2 protein chains.
Amino acid sequence: MAADGLRLWPLPGIPELTAGADLAALVLTAEPNLRNGDVLVVAHKAVSKAEGRTVDLEGVTPSPQARALGRQLGKDPRLVEVILGESSAVVRAQRGVLVCRTHHGFVCANAGVDASNAPGPQTVVLLPADPDRSARELRDRIERLAGVKVGVVITDSFGRPWRNGQQEVAIGCAGLLPLVDLRGQRDGSGRRLAATWIAVADQLAGAADLVRGKSSGQPVVVARGGRLPLLSEHGPGAAVLLRPRSEDLFS
Amino acid sequence: MAADGLRLWPLPGIPELTAGADLAALVLTAEPNLRNGDVLVVAHKAVSKAEGRTVDLEGVTPSPQARALGRQLGKDPRLVEVILGESSAVVRAQRGVLVCRTHHGFVCANAGVDASNAPGPQTVVLLPADPDRSARELRDRIERLAGVKVGVVITDSFGRPWRNGQQEVAIGCAGLLPLVDLRGQRDGSGRRLAATWIAVADQLAGAADLVRGKSSGQPVVVARGGRLPLLSEHGPGAAVLLRPRSEDLFS
């Protein structure tokens with residue numbers, strides 16, 4: 001493998017997390033040889049559970065709007081109530097699909113609220129309240145415990161309007177430039193690169209998913225090498241991946 | 001690194017391609033040690049150029065529609081003419097952005113027509129006419145020349161409606177299952193995985209982009225290892241990544 005290659009591998013042995021769990025310590029137990037410049041790619045559910053971002057549907061009373069949407073879409077109205085609570089807007093509610101804009105600004109199905117891999121049969125997992133802060137905190141704690149500066153990307157699976165299937169994208173990021181802007185640069189022929197504005201953190205989120213079993217308890221993947229644009233500071237976070245609403249042609 | 005890790009590295013020394021170039025032979029010169037199960041992730045421009053899928057704008061006469069759209073969007077009307085020729089529909093034409101549905105069914109900016117990394121100042125590069133066929137042909141030729149069965153993914157950079165930046169996606173695929181459907185399976189708690197339908201080929205396309213310099217003449221990346229769903233046959237191709245128009249909520 002060339003020296004500029006990238007390696008990705010999942011960390012084994014990270015147990016089911018509960019509120020207050022020290023994810024950084026669990027990561028370091030699973031991989032004691034983290035290096036400066038490694039990037040931890042973490043499925044958000046591990047972070048959300050450690051942060052207590054779960055809701056028991058038994059305690060939820062759906063609003064009239066949630067009941068109506070639930071009927072229309074064939075969804076549990078209590079789940080719809082939780083989704084609406086996480087949303088600033090409903091973007092589409094059609095054919096069983098509820099696409100929302102979350103309070104963070106992500107446009108995704110069900111505002112990121114998910115019942116799979118949840119801790120109990122009536123429990124759903126929310127996105128972290130501030131995934132960029134979660135990424136910074138995990139990065140800081142890894143540095144404090146192990147003395148290494150890693151990058152952190154927190155991910156969720158998003159659908160795409162015109163493509164089947166889902167892919168992991170970055171919802172939180174620290175220590176890595178999420179978006180690399182080459183739009184002013186020139187190609188091999190001296191011509192300006194037309195539209196080269198690379199969503200590195202999203203691509204890394206998807207890359208990590210290739211080595212992780214979905215139901216296998218492997219929320220953390222290590223990425224090492226490659227041309228990853230590491231930062232010594234935390235950097236701007238995944239928030240820079242959000243297209244401004246003024247430039248949105250599709251909601 | 002755990003045994004289930006994934007490695008990706010770019011192939012050096014692949015020259016600028018011209019029509020009729022033997023990309024498989026160039027790949028094998030750059031990487032004589034390809035193994036069964038390796039996946040070649042190839043930026044489509046290399047394939048398009050080898051297939052002669054370029055257009056010299058000097059020979060293009062724009063239609064009235066192309067002239068009007070060019071004026072509206074601030075684009076060269078000859079380029080718009082080429083884009084419309086590649087399109088079955090214009091999805092959005094606003095704020096300098098022309099999003100089209102290509103004849104293949106991809107929804108993307110400029111129908112994939114691109115002037116960067118093109119062979120001449122007035123030349124633009126189109127998507128391959130049938131990128132799945134291109135992937136199958138490259139795979140077959142690698143097997144014929146070197147006796148190894150590889151997977152092939154052909155990629156392009158697509159924007160996303162609600163996220164800044166672009167990411168590589170699969171437009172052609174052979175020898176790899178592009179889309180893995182776990183929707184019937186259960187998670188660690190025995191609950192059905194809600195929406196786990198993984199766009200593996202897209203994630204691999206993005207992963208490869210992490211190790212490739214955009215303007216550095218590295219169109220081919222090798223991926224080895226991981227949990228890639230390899231196929232002995234060519235498989236369904238990237239066409240299965242296209243969401244049916246009947247399920248499109250956004251164009």
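In segment A:122-169, what residues are assigned to a loop (DSSP other than H, G, I, E, B) and either out of contact with any strand residue (DSSP E or B) (no Cβ under 7 Å at 6 or more places or on another chain) or away from every other protein chain (no Cβ under 11 Å) (or both)?
Selection gives A:Leu126, A:Leu127, A:Pro128, A:Ala129, A:Asp130, A:Gly147, A:Val148, A:Lys149, A:Val150, A:Pro161.
What single numbered condition from (1) closer than 24 Å to A:Gly112 by Cβ; (2) open to solvent by less than 10 Å² (accessible area, probe 1.4 Å) fails to hold for A:Val55?
Of the numbered conditions (1) closer than 24 Å to A:Gly112 by Cβ; (2) open to solvent by less than 10 Å² (accessible area, probe 1.4 Å), the odd one out for A:Val55 is (2).
Please state which one of A:Ala207, A:Ala239 is open to solvent by 10 Å² or more (accessible area, probe 1.4 Å), among the small types (Gly, Ala, Ser) and modelled with pLDDT of 95 or more.
From the options A:Ala207, A:Ala239, the qualifying one is A:Ala239.
Among the listed residues B:Pro121, B:Pro62, identify the single one that is in contact (Cβ under 8 Å) with a residue 12 or more places away in the chain, more than 16 Å from B:Phe158 (Cα to Cα) and surrounded by fewer than 21 Cβ atoms within 10 Å (Cβ to Cβ).
B:Pro62
Looking at B:Val91, B:Val99, B:Val113, B:Val82, which is the one that is among the aliphatic types (A, V, I, L, M), farther than 20 Å from B:Arg160 by Cβ and either surrounded by fewer than 21 Cβ atoms within 10 Å (Cβ to Cβ) or at pLDDT 95 or above (or both)?
Just a single option satisfies the conditions, and that option is B:Val82.
Which of the residues spanning segment B:69-113 are small (Gly, Ala, Ser), at the interface with chain A (Cβ under 10 Å from one of its Cβ atoms) and in contact (Cβ under 8 Å) with a residue 60 or more places away in the chain?
Scanning segment B:69-113 gives a single hit, B:Gly105.
Residues are listed down the side, and each one gets a yes or a no for (1) within 14 Å of chain A (Cβ to nearest Cβ); (2) in contact with a Ser or Thr (Cβ under 9 Å, 6 or more places away or on another chain); (3) within 16 Å of B:Gly151 (Cβ to Cβ); (4) in contact (Cβ under 8 Å) with a residue 12 or more places away in the chain:
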position: B:Ile14; (1), (2), (3), (4): yes, yes, no, yes
position: B:Ala25; (1), (2), (3), (4): no, no, no, yes
position: B:Glu31; (1), (2), (3), (4): yes, no, yes, yes
position: B:Asp38; (1), (2), (3), (4): yes, no, yes, yes
position: B:Ser48; (1), (2), (3), (4): no, yes, no, yes
position: B:Glu51; (1), (2), (3), (4): no, yes, no, yes
position: B:Thr54; (1), (2), (3), (4): yes, yes, no, yes
position: B:Leu57; (1), (2), (3), (4): yes, yes, no, yes
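Can you pull out every residue in segment A:170-181 that is open to solvent by 10 Å² or more (accessible area, probe 1.4 Å) and either at the interface with chain B (Cβ under 7 Å from one of its Cβ atoms) or in contact (Cβ under 8 Å) with a residue 40 or more places away in the chain (or both)?
Of everything in segment A:170-181, those that are open to solvent by 10 Å² or more (accessible area, probe 1.4 Å) and either at the interface with chain B (Cβ under 7 Å from one of its Cβ atoms) or in contact (Cβ under 8 Å) with a residue 40 or more places away in the chain (or both) turn out to be A:Leu177, A:Leu179, A:Val180.
Could you identify the single residue in A:Leu34, A:Leu17 that is at pLDDT below 95 and out of contact with any Phe, Trp or Tyr (no Cβ under 9 Å at 6 or more places or on another chain)?
Result: A:Leu17 is the single residue among A:Leu34, A:Leu17 that is at pLDDT below 95 and out of contact with any Phe, Trp or Tyr (no Cβ under 9 Å at 6 or more places or on another chain).
Among what's in segment A:124-145 and is hydrophobic (A, V, I, L, M, F, W, C) and open to solvent by 50 Å² or more (accessible area, probe 1.4 Å), pick the residue that is nearest to B:Gln203 (Cα to Cα).
Among those that are hydrophobic (A, V, I, L, M, F, W, C) and open to solvent by 50 Å² or more (accessible area, probe 1.4 Å), it is A:Ala129.
State all residues of segment A:199-243 that are in contact with a strand residue (DSSP E or B) (Cβ under 7 Å, 6 or more places away or on another chain), more than 7 Å from every other protein chain (Cβ to nearest Cβ) and in a loop (DSSP other than H, G, I, E, B); if no residue qualifies, say none.
A:Arg212, A:Gln218, A:Pro219, A:Pro229, A:Leu231, A:His234, A:Gly235, A:Gly237, listed by residue number.
Can you confirm whether segment B:213-220 contains a residue that is open to solvent by less than 10 Å² (accessible area, probe 1.4 Å) and either on the phi > 0 side of the Ramachandran plot or at pLDDT 95 or above (or both)?
Yes: one or more hits.
The values are calculated or read from the model by the stated rules, or taken from the named source; none is laboratory data. Just so it is clear, the structure is predicted and the values come from calculations on it, not from any experiment. Here Cβ is always computed from backbone atoms with ideal geometry, including for glycine, and neighbour counts include all displayed protein chains. SASA here: full protein model, heavy atoms, side chains in, ligands and nucleic acids out. Shrake-Rupley method; radii C 1.70, N 1.55, O 1.52, S 1.80 Å.
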